[in-house]
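Only one structure is covered here, and it is reproduced in the block below.
The values are calculated or read from the model by the stated rules, or taken from the named source; none is laboratory data. Worth saying up front: this structure is predicted, and the values here are computed from it rather than measured. As a convention, Cβ positions derive from the backbone with ideal geometry for all residues, glycine included, and neighbour counts pool all protein chains shown. We work out accessible area using only protein heavy atoms, side chains counted, and drop any ligands, DNA or RNA first. Shrake-Rupley method; radii C 1.70, N 1.55, O 1.52, S 1.80 Å.
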Amino acid sequence: MCNILLLCMSRKLLWNYKLNLTTDPKFESVAREVCKSTIAEIKECADEPVGKGFLVSCLVDHRGNITEYQCHQYITKMTAIIFSDYRLICGFMDDCKADINLLKCGSIRPGEKDAHSQGEVVACLEKGLVKEAEETDPRIQVSDQCKKAILRVAELSSDDFHLDRHLYFACRDDRERFCENVTAGSALHHQCTEAHSTIPMCLLQCRDALTTRQKLIAQDYKVSYSLAKSCKSDLKKYRCNVENLPRSREARLSYLLMCLESAVHRGRQVSSECQGEMLDYRRMLMEDFSLSPEIILSFVRGEKGNVGPNCQQALQTLIQETDPGADYRIDRALNEACESVIQTACKHIRSGDPMILSCLMEHLYTEKMVEDCEHRLLELQYFISRDWKLDTVLYRKCQGDASRLCHTHGWNETSELMPPGAVFSCLYRHAYRTEEQGRRLSRECRAEVQRILHQRAMDVKLDPALQDKCMIDLGKWCSEKTETGQELECLQDHLDDLVSDCRDIVGNLTELESEDIQIEALLMRACEPIIQTFCHEVADNQIDSGDLMECLIQNKHQKEMNEKCAIGVTHFQLVQMKDFRFSYKFKMACKEDVLKLCPNIKKKVDVVICLSTTVRNDTLQDAKEHRVSLKCRKQLRVEELEMTEDIRLEPELYEACKSDIKNYCQNVPYGNAQIIECLKEIKKQLSTRCHQKVFKLQETEMMDPELDYTLMRVCKQMIKRFCPEADSKNMLQCLKQNKNSEVMDPKCKQMITKRQITQNTDYRLNPVLRKACKADIPKFCQNILNRAKDDTELEGQVISCLKLKYADQRLSPDCEDQIRVIIQESALDYRLDPQLQMHCSDEISSLCAEEAAAQEQTGQVEECLKVNLLKIKTEMCKKEVLNMLKESKADIFVDPVLHTACALDIKHHCAAIPPGRGRQMSCLMEALEDKRVRLQPECKKRLNDRIEMWSYAAKVAPAEGFSDLAMQVMTSPSKNYILSVITVGICVLFLIGLMCGRITKRVTRELKDR
């Protein structure tokens, strides 16, 4: 007990001795003598009263400005004495007396507390100051006078590690372990110890002490001696410590950093020493969120699992303060996670360059990217994307444009009228303006805006407006779309279902993509091979204007095309159908025409139909001037051709046939118009609505064969060979004329035959026939038209009707020519005669199976049916075969077997006789009867067979009228005999008439004249 009492008494005496040293006039007089010139230079110290001990304290405060060696040595020794006890610091005890008691940091009365543990009292006050800043409504508040005193003490002790007693004793062991090569007592000791504070081996006591000091630095940058010294001239130069600003604001580390960073971003010169210190403290703030009280306050108030708006704003402010966009190394987590990626993908860029982040973004979702780096990168980009200034390169290239076009202020200034998030939106709106619209961005700024757009398109979280307006819709429609890029695609797919604000945002972004599809970075990555092979010229253009997407669509089915690229291109095509604005080239070419002719139509497919109908009507009516402009007509043609490639690009047709596709074409791919072709082949099995839509489609394709995607694709080379100069509307006609050429591609020939079969099912699918027989059809086949329902196929009935009239030689010349062609073609291939195929399907299968199975149809099936006419039991089939025989009487050319057998004889004996109307057939019949003429054996045999067939046909189907009778007589082998008998009969009747006339009673002239 006595020992303890003696110890307390000795400590009290020691403290009184040290207090007397600081207040003793002798020491003050020594100070005045040793520091005479220094006191004269420092006005504040020269004005201090004598004998109060204030002079020594004043010199301690200004010791950084002391240049005299003896004075500096003296004051350094006095500093060590003064800072050994907070009670010896001038004014500190008076300023903080109440706060020490309030915070229970110890007693100021000697003897109640260990005088040498006074460092704990200062530390306690510092913790109280820090705690107050981190609480929303602090229970205990440190007085303003004491706050200034605490920060002043921390500032004065910052240049010497030993002067901060609490920190010195807490980190003594760690200092010896990690910083043994650093000069003892220097400010570098602080930096060294702070640099190792995150090491797990660092003592918890030291770590807490360093954290407290860092938090004080965050409140007042002057607590960091090295930062205050290195940046002193720069702070003054760029007015970062303006006197009229509140001390709490201008002293904050964040304000200093943002002020100096603003100067750097404006291209001003900041000393390298200051920039080095700034880098260290930016990294410090980034690594420990607790150094930013705003984050702690807002985080405490946020709901669990959800970052509230206040917390998000605090984080946004932190990112601006630390500015990791300028140097990625500030974000230690990012730096460590992405080190391997930087070494492989970005090794060509200097370490610390702002373009490192851009390089990492370009390799996002690639094989070189690692998962941890991906997460860290997106976390940082989330905040950078919400303030355009945080992208250093973008700010440097666009600050002039932003000021000129978007009315922005300085780097560290904000405006309610133009918040940071709205500036980039303003820039990209101007980036895609045409020269006519004026006020465009500079070339280098436009390039940067495009770079940012390309990178942000990878993830919806990087588009602030999109995420903000579409949060509900993302949860409602796209909760399962978690793969890269799927969220935006999902929103585009559900465009019509989105809320108004979200729909506008997605629509604007899609419209922007249509002009510059390179914004779709993931799509561009997938399509890189096809772009390099087929589209490299348009891809190299700085201004896209929709050319690249048009090129990708045109080459979508090249063998080099990969699945991902094809799917992406098709998706974009489908999205384009929702609004004509989503097709940039179409929009620019037809905007005025749409407003004038289709003002209330929005969907692209409806706009295309509207404009196409207008063009067609103007063409049919031979209008002097087209209502649709030439540039629009050209682009309209491109859109029409693109829409034929996939049934999904024609929504009405797709909706009408959805169930049929599921039932009959489930395993058929959509591309290359394969679904459409599948539906055409099973047309008879389709539902009524689908059947009608397919028929309308075929009618359109037959009127304009270039819209027949499959025909154009399969016959592409043959068109180049045979029809290079043919008009698009005459393309199929040209191909039909060259169908039997020896060099005709078999696949193309097969496709032409398919289209011929389709045309013969309904006269409306044959525009040439329809025009040529415009008057004949209602004249001879009106009863068929009356029985037919709207939008239903006529199954070749009208064409069969016209064939019969052709045999009767009653058609107009133009119609007769077209029907002759049809009869000739169908005589070679029974499939071109829908009525024959429908009524004789069983007979063909049983009687002519071998002929029907032949790879090349040359009329064998028709000949087989004619030969087996007696075996045919079905009346309708028999009637069709008899009609064929009747047609062959009218023209030998419609009987290919007979014509082939008698070709030489026609040349020798009937060359002078024009074809048609049975003239050459009559010539051959006369030659057959003339014994002086020797016909070819095959021709003679075929003619005799035909005579037998015709004789049987006459018995089975007698003449239905005078014309039928006349035709039978004229084509009969006994024509001359029959005509002679008819002539003799007429003469006899004439003579009888004469004789009878003489016998009748004569009437006198007088009677006649009455």
Q: Look at Asp137 and say whether it is open to solvent by less than 40 Å² (accessible area, probe 1.4 Å), farther than 20 Å from Ile217 by Cβ and modelled with pLDDT of 75 or more.
A: no
**Q.** Any hit, segment 805-814, residues being free of Cβ contacts under 8 Å to residues at least 60 places away in the same chain, farther than 27 Å from Leu697 by Cα, over 54 Å from the mean Cα position of the chain (by Cα) and open to solvent by 50 Å² or more (accessible area, probe 1.4 Å)
**A.** yes
Q | Test: Ile719 is without any contact (Cβ under 8 Å) to a residue 24 or more places away in the chain, crowded, with 16+ Cβ neighbours inside 10 Å, more than 30 Å from Val594 (Cα to Cα) and hydrophobic (A, V, I, L, M, F, W, C) | A | yes
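Condition check ((1) outside any helix (DSSP H, G or I); (2) over 16 Å from Ser845 (Cα atoms)) across all residues:
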| residue | (1), (2) |
| --- | --- |
| Thr858 | yes, yes |
| Val861 | no, no |
| Ser888 | no, yes |
| Phe893 | no, yes |
| Lys907 | no, yes |
| Pro914 | yes, yes |
| Met921 | no, yes |
| Met925 | no, yes |
| Cys939 | no, yes |
Q | Residue check, Arg755 assigned to a helix (DSSP H, G or I) and surrounded by 16 or more Cβ atoms within 10 Å (Cβ to Cβ) | A | yes
Q.
With at pLDDT 90 or above and within 24 Å of Val569 (Cα to Cα) as the only criterion, which of Cys715, Cys632 stands out?
A. Cys632
**Q.** Complete set of residues in segment 119-143 that are out of contact with any Pro (no Cβ under 8 Å at 6 or more places or on another chain), of a type in the set (Asp, Glu) and farther than 21 Å from Ser158 by Cβ
**A.** Glu135, Asp137
Q) Does segment 540-561 hold any residues that are open to solvent by 10 Å² or more (accessible area, probe 1.4 Å) and either in a helix (DSSP H, G or I) or polar (S, T, N, Q) (or both), and which are they? A) Asn541, Gln542, Ser545, Asp547, Glu550, Cys551, Ile553, Gln554, Asn555, Gln558
Q) Just one of Leu245, Leu279 is over 18 Å from Gly64 (Cβ atoms) and modelled with pLDDT of 85 or more; which is it? A) Leu279
**Q.** Scope segment 353-391; condition open to solvent by less than 40 Å² (accessible area, probe 1.4 Å), outside any helix (DSSP H, G or I) and over 16 Å from Gln343 (Cα atoms); matching residues
**A.** Ser385, Arg386, Asp387, Asp391
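Conditions (1) at pLDDT 70 or above; (2) crowded, with 21+ Cβ neighbours inside 10 Å; (3) over 26 Å from Glu294 (Cβ atoms), marked per residue:
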position	(1), (2), (3)
His166	yes, yes, yes
Cys171	yes, yes, yes
Phe178	no, no, yes
Ala184	no, no, yes
His189	no, yes, yes
Thr193	no, yes, yes
Gln219	yes, yes, no
Val223	yes, yes, no
Q.
Checking the conditions here, which among Lys749, Lys774 is part of a loop (DSSP other than H, G, I, E, B) and under 22 Å from Lys729 (Cβ atoms)?
A. Lys774
Q. Looking at segment 304-347, which of the residues that are outside any helix (DSSP H, G or I) and touching a His at 6+ places or on another chain (Cβ under 9 Å) is most open to solvent (accessible area, probe 1.4 Å)?
A. Ala326
Q.
Can you pull out every residue in segment 927-937 that is farther than 10 Å from Asp905 by Cβ and either within 60 Å of the chain's Cα centre (by Cα) or not in a helix (DSSP H, G or I) (or both)?
A. Asp930, Lys931, Arg932
Q) Does segment 779-799 hold any residues that are in a loop (DSSP other than H, G, I, E, B) and free of Cβ contacts under 8 Å to residues at least 60 places away in the same chain, and which are they? A) Cys781, Ala788, Lys789, Asp790, Leu794, Glu795, Gly796
Q) Identify, please: which residue in segment 817-853 is within 15 Å of Val867 (Cα to Cα) and either among the acidic types (Asp, Glu) or not in a helix (DSSP H, G or I) (or both) and is, among those, most open to solvent (accessible area, probe 1.4 Å)? A) Glu850
Q: Please go through segment 651-690 and pick out each residue that is farther than 21 Å from Lys603 by Cβ, open to solvent by 10 Å² or more (accessible area, probe 1.4 Å) and acidic (Asp, Glu).
A: Glu677, Glu681
Q: Could you pull out the residue among Leu512, Leu453, Leu523, Leu488 that is out of contact with any Phe, Trp or Tyr (no Cβ under 8 Å at 6 or more places or on another chain), part of a helix (DSSP H, G or I) and either surrounded by 15 or more Cβ atoms within 10 Å (Cβ to Cβ) or at pLDDT 85 or above (or both)?
A: Leu488
Q.
Need the failing condition index for Arg648 against (1) assigned to a helix (DSSP H, G or I); (2) open to solvent by less than 40 Å² (accessible area, probe 1.4 Å); (3) not polar (S, T, N, Q), just the number.
A. (2)
Q: Report whether or not Met925 is touching an Asp or Glu at 6+ places or on another chain (Cβ under 8 Å), open to solvent by less than 40 Å² (accessible area, probe 1.4 Å), closer than 19 Å to Lys941 by Cα and in contact (Cβ under 8 Å) with a residue 24 or more places away in the chain.
A: no
Q. With Asp547, Asp516, Asp493 as the choices, which residue is touching an Asp or Glu at 6+ places or on another chain (Cβ under 7 Å) and closer than 22 Å to Glu639 by Cα?
A. Asp516
Q.
If Trp411 satisfies all but one of (1) more than 23 Å from the chain's Cα centre (by Cα); (2) at pLDDT below 85; (3) open to solvent by 10 Å² or more (accessible area, probe 1.4 Å), what's the number of the condition it fails?
A. (3)
Q) Is it fair to say Glu1006 is closer than 29 Å to Leu882 by Cβ, out of contact with any helix residue (DSSP H, G or I) (no Cβ under 7 Å at 6 or more places or on another chain) and either at pLDDT below 65 or exposed (fewer than 11 other Cβ atoms within 10 Å of the Cβ) (or both)? A) no
Q) How do the pairs read when you match residues in segment 816-828 that are more than 15 Å from Gln797 (Cβ to Cβ) with residues anywhere that are outside any helix (DSSP H, G or I) and not hydroxyl-bearing (Ser, Thr, Tyr), using Cβ under 6 Å and keeping only pairs 6 or more apart or on different chains? A) Ala827/Gly859; Leu828/Gly859
